[in-house]
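The values are calculated or read from the model by the stated rules, or taken from the named source; none is laboratory data. Being a predicted model, the structure only gives us computed values, none of them experimental. No Cβ is skipped: glycine too gets one built from the backbone with ideal geometry, and neighbour counts run over all protein chains shown.
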Amino acid sequence: MPNATLMSGFIATALVVLLIPGPGVMYVVARSVGQGHRAGLASALGLSFGALVHVAAATAGLSAIVLASATAFGMVKALGAGYLIYLGVTTLIAGRPSTNREISGPEPLSRLFTDGVIVSVFNPKIAVFFLAFLPQFVDSNGGPVSQQILLLGVIYAGLALVTDSAYVLLAGTLRRWLGGRVMQGPLPRYVSGSLYLGLGITAAFTGRRD
């Protein structure tokens, strides 16, 4: 495994990266504002689980293939962006009342977890990030490189779950603080749907070399 200096540097750098609000933070905040902190935590867990897929791919060298192939990268990016846009559209229209049936209830936690996994797996920027970031903290004298990358990736996913959960709790607190008619009205749906659409559009126009 990497020596203590490299490991401490990795953890410190990873925390700085994770604490800067990005797409993952926006995603779990949107879920928390829309449905509460339990939904946000389920989504955060899904994102971290999906990140483990990228860790496994980076360990096996598959991320390098995606990065090198414009076609493969474009396909993954299109799938991820399309799914985010789909979430945005369905969120915006889901709350419209119907005269013939009741408004659907909150999504189950298992669905939220699955959505988080899908969003994470089909985000090619995560694959690029791991490919560029993890090798910087590999110790040439610390044993097999693949095992070190796997260990660093798992630690990063765990740290991401912790930081995302902190944002979830903040967003959930905001939801409870606003309370009443504000959170029962269309505002959470509009905020969540707009965030998903923004993430999807941003992902769709993100260049391969970003």
Inset, instruction - Return yes or no: is Leu169 surrounded by fewer than 18 Cβ atoms within 10 Å (Cβ to Cβ), of a type outside the set (Asp, Glu) and modelled with pLDDT of 80 or more? - result: yes
Inset, instruction - Select from the stretch 1-26 the residues that are part of a helix (DSSP H, G or I) and of a type in the set (S, T, N, Q) and list them in ascending order. - result: Thr5, Ser8, Thr13
Inset, instruction - Six or more apart or on different chains, Cβ under 6 Å: which pairs go from a residue in the stretch 154-171 that's over 14 Å from Leu47 (Cβ atoms) and in contact (Cβ under 8 Å) with a residue 12 or more places away in the chain to one that's hydroxyl-bearing (Ser, Thr, Tyr) and part of a helix (DSSP H, G or I)? Could you list them? - result: Ala171/Ser32
Legend entry - Extreme residue, farthest from Val16 (Cα to Cα), among residues of the stretch 117-134 that are without any contact (Cβ under 8 Å) to a residue 60 or more places away in the chain and touching a helix residue (DSSP H, G or I) at 6+ places or on another chain (Cβ under 7 Å): Phe122
Legend entry - Count of the stretch 129-150 residues which are surrounded by fewer than 21 Cβ atoms within 10 Å (Cβ to Cβ) and under 16 Å from Ser48 (Cα atoms): 2
Legend entry - Condition check for Thr114: modelled with pLDDT of 80 or more and polar (S, T, N, Q): yes
Legend entry - Residue among Ser146, Ser140 that is modelled with pLDDT under 75, more than 20 Å from the chain's Cα centre (by Cα) and closer than 20 Å to Gly61 by Cβ: Ser140
Legend entry - Single unsatisfied condition, Arg175 versus (1) more than 23 Å from Ala12 (Cα to Cα); (2) exposed (fewer than 15 other Cβ atoms within 10 Å of the Cβ); (3) at pLDDT 70 or above: (2)
Inset, instruction - From (1) surrounded by fewer than 18 Cβ atoms within 10 Å (Cβ to Cβ); (2) in contact with a helix residue (DSSP H, G or I) (Cβ under 6 Å, 6 or more places away or on another chain); (3) modelled with pLDDT under 75, pick out the condition that doesn't hold for Leu109. - result: (3)
Inset, instruction - Go over the candidates Val25, Val33 one by one and state the one that is touching a residue at least 60 places away in the same chain (Cβ under 8 Å), of a type in the set (Val, Ile, Thr) and under 23 Å from Val154 (Cα atoms). - result: Val25
Inset, instruction - Could you tell me whether Asn123 is in contact with a Lys or Arg (Cβ under 9 Å, 6 or more places away or on another chain) and at pLDDT 75 or above? - result: yes
